[in-house]
Amino acid sequence: MSTPTRAPEDAALVLFSGGQDSATCLAWALARFGRVETLGFEYGQRHAVELDCREALRAGLRAQNPLWAERLGMDHTLALGALGDISETALTRTAEIAMAEGGLPNTFVPGRNIIFLTFAAALAARRGIRHIVTGVCETDYSGYPDCRDDTIKAVQVALNLGMDARYVLHTPLMWIDKAATWALAEELGGASLVSLINQESHTCYLGDRGTMHPWGHGCGECPACALRRTGWEEYIKGKANA
């Protein structure tokens, strides 16, 4: 299991949706920071069931490791309904998931990650936190421009200039694919952490929690399920060939 690499007084705020990526990022932060708080957003997403998964994941992480139990702090939820109100997307409306004009899937919510990070920084200022962790990824994703490394770096610069601060935005999944994300979970917490994330996290854009597949709950057809399924199968194949 991973050991702490930072001073215990350092604190982190993890953008925690209740999905596979953010759950892995939460474990990553718990292995490195002395105090870790979590932040979720309710913005009218169709898969709002993901927010309901967070407490089971937090409880499971506390049970995984006594040190993590000591470090895991408050959970926060912010209502950003206005984002959903202005977003005509398949994530915030009942619509068929498809590619939109310009080559982006219609699940793209314009400005979402930029807004999330801005609100996270505002909360971090009140909570005395300098490190902000988000699970965005440029390697294995749906093409969202606000998941790119350049975007996150630009947001960090803007936040630090605009708030006269020294925030550090951490993106531990930026350059790894979904199979490597499962492998990172195993590195951080062994098979028990992989099992926890597999069973309790939520990825499916349609909010399907009724069907349990080998890779987790989901409809099995939406782009998020497809990415998760492919990553799980590659992870299992890699373990078998090791």
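Using the average count of surrounding beta-carbon atoms within 10 Å as a protection proxy, the listed peptides 32-42, 123-133, 148-158 rank, highest first, as 32-42, 123-133, 148-158. Note on LYS237: aspartates and glutamates with a C-alpha under 16 Å away, same-chain residues under 8 apart excluded, are ASP177, GLU186. Could you compute the FRET efficiency for GLU233 and SER192, with r as their C-beta to C-beta distance and R0 at 30 Å, rounded to 0.05? My answer for the efficiency is 0.90.
Over all other residues within a Cβ to Cβ distance under 13 Å of ASN241, the charged ones net out to 0, with Lys and Arg as +1 and Asp and Glu as -1.
The slack in the chain from ALA226 to ASP164, taken as 0.36 nm per residue of separation less the alpha-carbon distance, amounts to 18.2 nm. Phi-derived couplings, Karplus 6.51 cos²θ - 1.76 cosθ + 1.60 at θ = phi - 60°, listed residue by residue for the range 176-189: 10, 8, 5, 4, 5, 5, 4, 5, 5, 4, 5, 4, 6, x Hz, with x used for Gly and Pro. Each peptide in 24-30, 173-179 was scored by the mean count of other Cβ atoms within 10 Å over its residues; highest first, the order is 24-30, 173-179. Close amide H partners of VAL14, meaning residues 5 or more places away or on another chain with modelled amide H under 5 Å apart, are GLU37, THR38, LEU39, VAL133.
Residue by residue, the range 13-24 carries 3J(HN,Hα) couplings of 10, 9, 6, 10, 7, x, x, 4, 5, 6, 5, 5 Hz when phi is fed to the Karplus relation 6.51 cos²θ - 1.76 cosθ + 1.60 (θ = phi - 60°); x denotes Gly or Pro.
Cross-link partners of LYS153 among aspartates and glutamates, defined as those whose alpha carbon lies under 18 angstrom from its own and excluding same-chain residues fewer than eight positions apart: GLU138, ASP164.
Between the amide H of THR139 and those of ILE176, distances stay under 5 Å, these residues lying 5 or more places away or on another chain, with hydrogens modeled in the peptide plane.
Each value in this text was obtained by applying a stated rule to the coordinates, not by laboratory testing. Because the structure is a prediction, the values reported are computed rather than measured. No Cβ is skipped: glycine too gets one built from the backbone with ideal geometry, and neighbour counts run over all protein chains shown.
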